[in-house]
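The values are calculated or read from the model by the stated rules, or taken from the named source; none is laboratory data. Bear in mind that the values here come from a model prediction, so they are computed numbers and not experimental data. Ideal geometry is used to build each Cβ from the backbone, glycine not excepted, and the neighbour counts take in all protein chains shown.
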Amino acid sequence: MRNHKMMFVPILMSFIAVLFFAANLQAGEVYKLALSLAITGPTSDAGNPYAKGVEDYFRFVNDTKMLGDDRIECTIRDDQYKTDVTKRNFEDFLDQGIVLYLNYSTGSTMGLKRDFEEEKIAVIPASFHAGNLVDSNYIFLPIASYSEQTIGLAEYVANNHKGDKPKVALFVHPSAFGRGPVEDVEKAAKAGLNIEVVEVVEHGQDLDNTAMLKRLKSKGVQYVISQTVQSPVATMLKDAARLGYTAKTFGEAGKITFMGAHYTGGNDLIALAGAAAENFFWTTSYKLTSEKSAGADAQLALAARYGRDEKAANSHNYTNGIMVAQVATEVIKRVKKQGLKVNRKTLYDELNQMNGAKAFQPDTTVGPVTYSKTDHAGVDTLQLYRVDGGVFRSVGTPFLCEYIKKI
Amino acid sequence: MSANRWLATGNYFTTYKEEQRIFLTHTDRLIFSFFLVCVFVWPLVFETNNKSMLVVDNILIAMIAVLGLNLVTGFAGLISIGHAAFVGVGAYTVASVSRVMGDDYILLTHAWPAMILASGLVGAVFGAMVGLPAFRLKHLYLAIATLSFQMIFQWTINFMEFFNQGQTIFVGRIFWLNGEVGRNEHYIFWYYVILIILVLLGFMVRNLLRTRFGRCLIAVRDNDRAADAMGMHPGLTKVYAFGLAGFFAGIAGALHAYLYRGVGIESFTLHESITYLAMAIVGGLGTLNGSFWGPAAIKMLELQVEKIAEHAGDMMPASMNLATALRPLTFGLVIVLFLMFEPRGIANWWRIIRSYFKLWPFRY
């Protein structure tokens with residue numbers, strides 16, 4: 001009897017050990033990713049839905065077992081739009097053993113460029129600044145750069161303006177984020193793009209743009225292309241509407257047509273500017289929920305699944321976050337499919353092969369995501385939208401910026 | 001002076017020299033030496049990571065900057081609202097060399113101690129220049145002069161192409177005796193460099209306060225007319241106080257540039273100046289050890305508030321943006337509470353604790 005009892009203990013222990021190891025085997029791999037962004041502080045109005053997009057999509061990947069038993073663990077941390085804090089977060093993430101990093105602001109992406117190179121880690125930021133790609137091998141822009149967007153708008157002006165050479169003013173944020181495309185637009189004009197850049201306005205924190213608008217009007221400016229965030233654009237649009245300067249249709253004679261790149265538009269702009277946002281032209285590479293599409297439906301379903309409010313669900317920055325998470329998931333999936341170990345190197349190599357037949361087509365963008373050794377801008381295609389009846393509606397079909405190759 | 005050099009329960013001095021000693025008792029010296037050994041040894045004993053070392057390095061740099069601010073505001077009684085700009089001057093001195101000669105220029109990578117010293121000197125020159133209005137201005141008017149320097153500094157950096165319009169200017173990896181200081185040892189290496197500089201500067205301030213130059217600062221703060229009548233030059237004293245503060249700030253700026261391996265304007269804004277002022281107030285204006293307590297307390301508070309704000313951001317609706325307000329609110333509250341209930345700062349708590357042990361077992 002005593003012998004039987006003594007036998008029972010080791011058998012039970014062995015059984016528990018087998019169960020433990022079996023459970024561990026079934027648990028699969030955990031791929032650590034991280035995102036540092038402004039959830040509070042400046043630009044948190046964009047950062048907040050962006051973070052939700054990333055969080056929700058990775059939850060969806062894990063919940064639906066998109067990667068089988070493997071899981072993605074993405075730590076999201078607030079950096080208050082401060083490079084020092086981003087650096088601290090990044091160091092922490094490295095200690096945790098991340099294989100791919102998602103960053104946010106232009107300043108921190110530029111500031112940490114050297115660290116990314118040294119660590120040989122692929123980075124997908126929310127900043128589309130072309131300068132991110134200078135002297136850098138590991139930064140991958142999700143969509144066309146601000147320069148491409150701004151030149152793309154200028155091309156649209158040049159192609160659709162009736163009359164003499166159109167006079168354009170650039171309204172930009174007083175930082176690298178805003179200034180980045182200015183030189184490129186001027187280069188494009190020199191390279192033959194049929195526009196005249198009359199003035200570049202770096203806005204401050206003005207609450208009234210009357211003087212600026214009157215000055216632009218007196219100089220004969222017909223188009224204002226903005227590369228900034230929504231609130232200064234909203235202020236400008238409201239003042240223009242009050243002064244009666246806003247064009248009702250594209251290029252209306254004697255009036256000003258207002259246009260802007262990715263971070264100038266979206267539902268937040270309409271909420272801020274109200275009726276003054278009507279006929280504002282905006283470009284981005286993302287599909288919007290204001291227009292029926294499979295991507296929009298999937299986005300709204302994802303938001304509903306994780307209990308997001310309507311504002312977040314319809315934000316183009318929520319789309320932005322989802323898309324970045326989609327790219328990250330896709331590249332992990334592809335590395336796994338090849339039977340390779342998911343690490344920094346294999347992910348980086350795989351991202352560089354995301355072109356041609358291997359281009360990735362997420363349902364959230366208007367074109368495919370393509371990366372190569374020489375091209376680190378993801379979606380090259382842009383879509384023009386226009387505010388019509390309080391919502392953004394597509395204008396024409398997606399297009400490519402031509403002059404970016406000529407400058 | 002008490003006959004027992006180890007335990008002195010009261011302040012009995014028979015000569016002026018005795019009162020001016022750096023350590024009043026051997027016990028003080030022993031405790032301080034033990035503390036120094038601890039701060040030098042702990043990274044070798046405990047496992048550290050880059051993130052925590054970065055946080056610690058940052059605190060030490062802030063201590064150096066606040067040492068300077070305490071000289072001008074605490075000891076000389078001149079409010080400076082542009083201290084971050086002086087720190088920025090030091091950082092941009094390093095950045096300028098990087099911009100002109102390249103980020104891996106030998107002066108930056110090999111002669112970095114000289115660069116740090118040079119940054120301090122440039123900071124001192126700018127400090128003295130900004131202090132020049134002190135010949136004519138006092139109190140709030142002088143504070144506004146320092147504020148305008150902060151504004152001019154920010155504008156210059158933000159708009160000048162030479163300074164990369166405020167965007168990061170990189171600084172290359174430095175070299176030490178055993179070659180390039182790589183990524184793995186970067187933060188620990190700078191921990192020791194910053195710590196050594198901090199200890200040296202701390203002793204420098206302690207010694208300064210024992211000299212007539214140090215006493216001049218305090219005399220001018222307490223009553224500049226009386227100081228004038230005693231043969232001191234209040235104007236020059238104020239200028240030299242600003243110069244000294246600029247020197248400390250410049251050193252801190254250069255260390256910041258090397259630690260982060262780059263310089264960007266956002267680390268030297270008005271907000272940072274206010275933060276330095278908050279550190280000095282919370283630590284204890286006009287005290288040497290307050291310059292150490294303040295940065296440590298504020299930086300740790302910052303980390304905790306960050307965590308709370310992050311959770312608050314998750315829970316509260318984005319449109320309310322309450323989490324964004326949490327940080328300035330906490331800082332404001334901490335400063336107000338300290339000004340109301342403990343205007344002498346954490347340094348006073350330290351004084352009370354020391355007095356308790358000094359008097360023990362007596363209560364008075």
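Of the listed requirements (1) surrounded by fewer than 19 Cβ atoms within 10 Å (Cβ to Cβ); (2) more than 14 Å from every other protein chain (Cβ to nearest Cβ); (3) in contact with a Pro (Cβ under 7 Å, 6 or more places away or on another chain), residue A:192 misses just one: (3).
Annotation note: of A:107, A:111, the sole residue that is closer than 21 Å to residue B:256 by Cβ, at pLDDT below 95, touching a Lys or Arg at 6+ places or on another chain (Cβ under 8 Å) and facing chain B (nearest Cβ under 8 Å) is A:111.
Here the strands (runs of 3 or more DSSP E) wholly within segment A:317-407 that include at least 2 residues being among the polar types (S, T, N, Q) are A:381-388, A:391-400.
Taking the criterion of being exposed (fewer than 15 other Cβ atoms within 10 Å of the Cβ), of a type in the set (A, V, I, L, M, F, W, C) and in a helix (DSSP H, G or I), the residues of segment B:215-235 that qualify are B:226, B:229. Taking the criterion of being touching a helix residue (DSSP H, G or I) at 6+ places or on another chain (Cβ under 8 Å), surrounded by fewer than 20 Cβ atoms within 10 Å (Cβ to Cβ), part of a helix (DSSP H, G or I) and more than 11 Å from every other protein chain (Cβ to nearest Cβ), the only residue of segment A:41-97 that qualifies is A:60. Taken together, B:351, B:327 contain a single residue that is modelled with pLDDT of 85 or more and under 22 Å from the mean Cα position of the chain (by Cα), which is B:351. Listed conditions (1) part of a helix (DSSP H, G or I); (2) in contact (Cβ under 8 Å) with a residue 60 or more places away in the chain; (3) within 14 Å of chain B (Cβ to nearest Cβ) are all met by residue A:121, apart from (1).
Of the residues making up segment B:164-214, those that are in a helix (DSSP H, G or I) and within 14 Å of chain A (Cβ to nearest Cβ) number 8. Can you spot a residue in segment A:145-153 that is more than 8 Å from chain B (Cβ to nearest Cβ), of a type in the set (Val, Ile, Thr) and surrounded by 22 or more Cβ atoms within 10 Å (Cβ to Cβ)? Yes, some residue in segment A:145-153 is more than 8 Å from chain B (Cβ to nearest Cβ), of a type in the set (Val, Ile, Thr) and surrounded by 22 or more Cβ atoms within 10 Å (Cβ to Cβ). How many of the residues in segment A:205-231 are modelled with pLDDT of 95 or more and either surrounded by 23 or more Cβ atoms within 10 Å (Cβ to Cβ) or under 28 Å from residue A:129 (Cα atoms) (or both)? Summing the residues that are modelled with pLDDT of 95 or more and either surrounded by 23 or more Cβ atoms within 10 Å (Cβ to Cβ) or under 28 Å from residue A:129 (Cα atoms) (or both) in segment A:205-231 gives 10. The combined condition, being loosely packed, with under 15 Cβ neighbours inside 10 Å and either charged (D, E, K, R) or not in a helix (DSSP H, G or I) (or both), is fulfilled by residue B:6.
Yes/no matrix, rows are residues, columns are (1) in contact (Cβ under 8 Å) with a residue 40 or more places away in the chain; (2) part of a helix (DSSP H, G or I); (3) in contact with a Gly (Cβ under 7 Å, 6 or more places away or on another chain):
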| site | (1), (2), (3) |
| --- | --- |
| A:270 | yes, yes, yes |
| A:283 | yes, no, yes |
| A:291 | yes, no, no |
| A:297 | no, yes, no |
| A:303 | yes, yes, no |
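Kindly establish whether residue B:66 is more than 14 Å from chain A (Cβ to nearest Cβ), within 17 Å of residue B:256 (Cβ to Cβ), of a type in the set (Val, Ile, Thr) and touching a Leu at 6+ places or on another chain (Cβ under 6 Å). Taking the combined requirement at face value, the residue does not satisfy it. Among the residues of segment B:48-91, those identified as not in a helix (DSSP H, G or I) and not aliphatic (A, V, I, L, M) are B:48, B:49, B:77, B:80, B:82.
Selection of strands (runs of 3 or more DSSP E) fully inside segment A:163-235 by the criterion of at least 3 residues being free of Cβ contacts under 8 Å to residues at least 40 places away in the same chain returns A:196-202. Please determine whether any residue of segment B:149-160 is among the hydroxyl-bearing types (Ser, Thr, Tyr) and touching a residue at least 60 places away in the same chain (Cβ under 8 Å). No - not one qualifying residue is present in segment B:149-160.
Which of the residues that make up segment B:122-143 are among the hydrophobic types (A, V, I, L, M, F, W, C), touching a residue at least 12 places away in the same chain (Cβ under 8 Å) and surrounded by fewer than 16 Cβ atoms within 10 Å (Cβ to Cβ)? If you could, list the steps in order and put the result at the bottom.
Going through segment B:122-143, the residues among the hydrophobic types (A, V, I, L, M, F, W, C) turn out to be B:122, B:124-126, B:128-130, B:132, B:134-135, B:137, B:140, B:142-143.
Keeping just the survivors that are touching a residue at least 12 places away in the same chain (Cβ under 8 Å) gives B:122, B:124-126, B:128, B:130, B:132, B:134-135, B:140, B:142-143.
Passing the criteria: B:125, B:132, B:135, B:140.
Is it fair to say residue B:31 is touching a residue at least 24 places away in the same chain (Cβ under 8 Å) and surrounded by fewer than 16 Cβ atoms within 10 Å (Cβ to Cβ)? Taking the combined requirement at face value, the residue does not satisfy it.
Return yes when residue A:167 is modelled with pLDDT of 95 or more, among the charged types (D, E, K, R) and under 20 Å from residue A:201 (Cβ atoms) and no when it is not.
Taking the combined requirement at face value, the residue satisfies it.
The set of residues from segment B:221-238 being out of contact with any His (no Cβ under 9 Å at 6 or more places or on another chain) and of a type in the set (A, V, I, L, M, F, W, C) comprises B:226, B:229, B:230, B:232, B:236. If you go through segment A:291-333 and keep only what is under 10 Å from residue A:53 (Cα atoms) and among the aliphatic types (A, V, I, L, M), you end up with A:302, A:303, A:312, A:313, A:322, A:323, A:324, A:325.
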